[in-house]
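The values are calculated or read from the model by the stated rules, or taken from the named source; none is laboratory data. Note that the structure is predicted; figures quoted are calculated from it, not measured. Note that we place each Cβ from the backbone using ideal geometry, even for glycine, and neighbour counts take in every protein chain shown.
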Amino acid sequence: MLKMGFRWFGASDDPIPLAYVRQIPGVTQIVGALFDIPAGEVWPRERIAALRDEIEAAGLRLEVIESVNVSDAIKIGTSERDRHIVNYIATIENLAACGVKVICYNIMPVFDWIRTDLRHPLDDGSSTMSFDPALVAGSVDDVLARVRDSADGYRLPGWEPERLADVRALFEAYADVDETRLTDNYRYFIQAIMPTCERFDVRMAVHPDDPPRSLFGLPRIVKDAADLRVIESFHDSVYNGFTLCTGSLGENPANDVPGILREFIGRGKVPFVQARNIRHTGDGSFHESAHLSSYGSADMYEIMRAMYEAGFDGYVRPDHGRDIWGERGRPGYGLYDRALGIAYLLGLWEAIGKQHT
Ligand code: DNO
């Protein structure tokens, strides 16, 4: 059974009421988080319980968290990392006590996902997020200046104006962290938390790098099937798994996304899928599209078929919708286009299921 979810940013930060989410056919899960707790600190059990109770009062469930962020100290391997790992373990225990089954996280240094335009206009009058590698070319200082000087608010996770000075310092802290060192630090983290995940039945699910390529000279180690196999080798268990985001992986046209889904779902390593489409526009550029195959470069039928045939029984959410029907939502996270995406994905799933009976 596939469990359909919807990412929600909390009553104070998300303009979409839970009551509306409850009305999207097929949605039973909220993919949530406590967004104000800095990476490295413990998530208090009572706060998680309060979030869960609010979601359950709306007739939905909270079984997937996105994200419990991994601190830079852990990624860089500073003297603070062991304290942060102890805190991460306490957070896993607190989440488990509140019924959470899956933790989505990422291992991207300095920044989470990167786009160069959050309101890229499309021909049908909607807007979407896009990425043009030329706009993030150059030194980190060039890019920081571009962010600082942008009149229309070049705001992305990690690029908040109040964080720009920290960003410069962070780049220096990562100066000696290449792919090998990041991989070693990541392995250390996974091996430290796995006994807790196994004991409390919480599955870790790393999200691919988005986009899956090195930017600003920073190391990237979750880009393709080969990287995922290395991560699997840290600790071969269903608790050390993946969030397979079809858009992020598909941003590299060399990634065979249905093949990756089949391989890792087949080994029981995929508790969570984020299903979305993107359109390649040449030379590493892309924009996010409506979920339908005909609007992007991904074959969403093949993606859902790969999941079905590999025996997927985890959580799914649509991803990054466009702004349509006059909505100006959080970039990528409006109501309408994601709801349309859900209806489409569940339609594919029903049809594929019937073809297999
Ligand atoms: C962007 C999201 C990412 C994702 C994190 C997971 O919209 O896909 O921010 O939540 O990388 O840790």
Looking only at segment 225-247, and only at residues there that are under 23 Å from Ile303 (Cβ atoms) and hydroxyl-bearing (Ser, Thr, Tyr), the one that is farthest from the ligand (Cβ to nearest atom): Thr246
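I'd like to know if segment 3-24 contains one or more residues that are closer than 23 Å to Phe200 by Cβ and without any contact (Cβ under 8 Å) to a residue 24 or more places away in the chain.
Within segment 3-24, the subset closer than 23 Å to Phe200 by Cβ is 3, 5.
From what is left, the residues that are without any contact (Cβ under 8 Å) to a residue 24 or more places away in the chain are none.
No, segment 3-24 contains no residue that is closer than 23 Å to Phe200 by Cβ and without any contact (Cβ under 8 Å) to a residue 24 or more places away in the chain.
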(1) surrounded by 21 or more Cβ atoms within 10 Å (Cβ to Cβ); (2) under 29 Å from Glu172 (Cβ atoms): which one isn't true of Leu218, the others all being true? (1)
Being among the polar types (S, T, N, Q) and surrounded by fewer than 20 Cβ atoms within 10 Å (Cβ to Cβ): is that true of Ser67 here? yes
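Taking into account only those residues within segment 94-111 that are away from the ligand (no atom under 16 Å from the Cβ) and assigned to a loop (DSSP other than H, G, I, E, B), which is surrounded by the most Cβ atoms within 10 Å (Cβ to Cβ)?
Start the filter on segment 94-111 by keeping residues that are away from the ligand (no atom under 16 Å from the Cβ), which leaves 94, 96-99, 101.
Next cut, assigned to a loop (DSSP other than H, G, I, E, B) only: 98-99, 101.
On the way: Cys98: 19, Gly99: 13, Lys101: 21.
If we take residues in segment 94-111 being away from the ligand (no atom under 16 Å from the Cβ) and assigned to a loop (DSSP other than H, G, I, E, B), then Lys101 is surrounded by the most Cβ atoms within 10 Å (Cβ to Cβ).
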Please determine, by comparing only the residues of segment 112-123 that are surrounded by fewer than 17 Cβ atoms within 10 Å (Cβ to Cβ) and touching a residue at least 60 places away in the same chain (Cβ under 8 Å), which one is farthest from Asp337 (Cα to Cα). Asp112
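Can you name the residue in segment 302-320 that is of a type in the set (Gly, Ala, Ser) and either in contact with a strand residue (DSSP E or B) (Cβ under 8 Å, 6 or more places away or on another chain) or on the phi > 0 side of the Ramachandran plot (or both) and is also surrounded by the most Cβ atoms within 10 Å (Cβ to Cβ) among such residues? Working first, answer last.
Of the residues in segment 302-320, the ones of a type in the set (Gly, Ala, Ser) are 306, 310-311, 314.
Subset that is either in contact with a strand residue (DSSP E or B) (Cβ under 8 Å, 6 or more places away or on another chain) or on the phi > 0 side of the Ramachandran plot (or both): 311, 314.
Details: Gly311: 10, Gly314: 22.
My answer is Gly314.
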Pairing a residue in segment 66-82 that is farther than 18 Å from Glu172 by Cα and modelled with pLDDT of 95 or more with any residue that is more than 16 Å from the ligand (Cβ to nearest atom) and not in a helix (DSSP H, G or I), where Cβ atoms lie under 7 Å and the two sit 6 or more apart in sequence or on different chains, gives none
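Out of all the residues in segment 113-123, is one or more within 13 Å of the ligand (Cβ to nearest atom), among the β-branched types (Val, Ile, Thr) and not in a strand (DSSP E or B)?
Residues of segment 113-123 that are within 13 Å of the ligand (Cβ to nearest atom), as a first pass: 113-115, 118.
Adding the requirement that they be among the β-branched types (Val, Ile, Thr) leaves 114.
Then drop every residue that is not not in a strand (DSSP E or B), which leaves 114.
Yes; the residues of segment 113-123 include at least one that is within 13 Å of the ligand (Cβ to nearest atom), among the β-branched types (Val, Ile, Thr) and not in a strand (DSSP E or B).
Report whether or not Val31 is of a type in the set (A, V, I, L, M, F, W, C), touching a Phe, Trp or Tyr at 6+ places or on another chain (Cβ under 9 Å) and buried (at least 20 other Cβ atoms within 10 Å of the Cβ).
Working: of a type in the set (A, V, I, L, M, F, W, C): yes; touching a Phe, Trp or Tyr at 6+ places or on another chain (Cβ under 9 Å): yes; buried (at least 20 other Cβ atoms within 10 Å of the Cβ): yes.
For Val31, the condition - of a type in the set (A, V, I, L, M, F, W, C), touching a Phe, Trp or Tyr at 6+ places or on another chain (Cβ under 9 Å) and buried (at least 20 other Cβ atoms within 10 Å of the Cβ) - is met.
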With buried (at least 17 other Cβ atoms within 10 Å of the Cβ), closer than 20 Å to Pro195 by Cβ, within 16 Å of the ligand (Cβ to nearest atom) and at pLDDT 95 or above as the only criterion, which of Thr128, Thr91 stands out? Thr91
Leu135 more than 16 Å from the ligand (Cβ to nearest atom) and either at pLDDT below 90 or assigned to a loop (DSSP other than H, G, I, E, B) (or both): yes
